Amino acid sequence: MSEFLTTRELAALLRVKERKVYDLAAEGALPVRRVTGKLLFPRIEIEEWLAAGASGRAPRGEGSATRPLVVAGGHDPLLEWALRESRCGVAALLDGALDGLERAAAGGCIAAGLHIPEPDDGWNVETVERRLAGEPIVVVEWAKRRRGLMFRKGLARRIDGLADVRDLAFQSRQPEAGSELVLTQLLAQAGMKREHLRL
């Protein structure tokens with residue numbers, strides 16, 4: 001068994017067309033060596049790359065990407081639009097702020113969109129510093145957003161805060177979403193628990 005795979009052998013192993021292998025190699029997504037103009041894929045590094053596929057982390061090594069071209073984190077329509085319009089080829093995996101933080105810590109993305117509330121009315125900094133201490137990261141403030149409650153028109157009573165919505169049904173988000181984290185924080189500030197809401 002050869003120490004290196006050819007483009008054709010790797011395409012057969014991955015069950016993709018050879019063109020896809022060339023594209024992945026050009027993006028730096030695969031461990032690859034260029035020898036006299038020919039692409040060769042180190043079998044051991046490819047096996048490590050495949051094994052790491054569940055976490056999205058490619059093995060470190062010459063010719064391989066250390067992080068996939070993915071932006072993870074909370075769903076932000078403006079960020080999603082910017083990625084799409086830029087045609088940069090970066091994918092979006094927007095499954096919640098905490099998911100993005102964990103993917104960033106595991107090397108599973110190149111950026112994470114976060115909106116994680118902190119006890120001192122701050123956002124992200126303490127959480128990021130605690131979870132990603134020592135990692136080569138940059139925190140950039142992308143945008144600010146306002147949050148509020150939306151309720152049906154013509155509701156018979158006035159809604160001034162969470163205490164006024166105890167008997168109304170709420171549509172919850174996934175536990176990793178920044179909106180859910182904010183709701184939990186606001187409930188605590190109002191002396192309420194999730195059980196007080198109809199979810």
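The values are calculated or read from the model by the stated rules, or taken from the named source; none is laboratory data. Note that this is a predicted model, so its numbers are computed, not measured. For neighbour counting, all protein chains shown are included, and Cβ atoms are generated from backbone atoms with ideal geometry for every residue, glycine included.
When residue 147 is tested against (1) within 29 Å of residue 83 (Cα to Cα); (2) at pLDDT 75 or above; (3) in a loop (DSSP other than H, G, I, E, B), only condition (2) is not met. Comparison of 106, 133 shows that the only residue that is in contact with a Ser or Thr (Cβ under 7 Å, 6 or more places away or on another chain) and of a type in the set (A, V, I, L, M, F, W, C) is 106. Residues that are of a type outside the set (A, V, I, L, M, F, W, C), more than 19 Å from the chain's Cα centre (by Cα) and at pLDDT 80 or above within the stretch 42-84 comprise 42, 43, 45, 47, 48, listed in sequence order.
Scanning the stretch 29-52 for residues that are of a type in the set (Val, Ile, Thr) and outside any strand (DSSP E or B), we see that the one that is farthest from residue 4 (Cα to Cα) is 36. Checked against (1) under 24 Å from the mean Cα position of the chain (by Cα); (2) at pLDDT below 85; (3) small (Gly, Ala, Ser), residue 37 passes all but condition (1).
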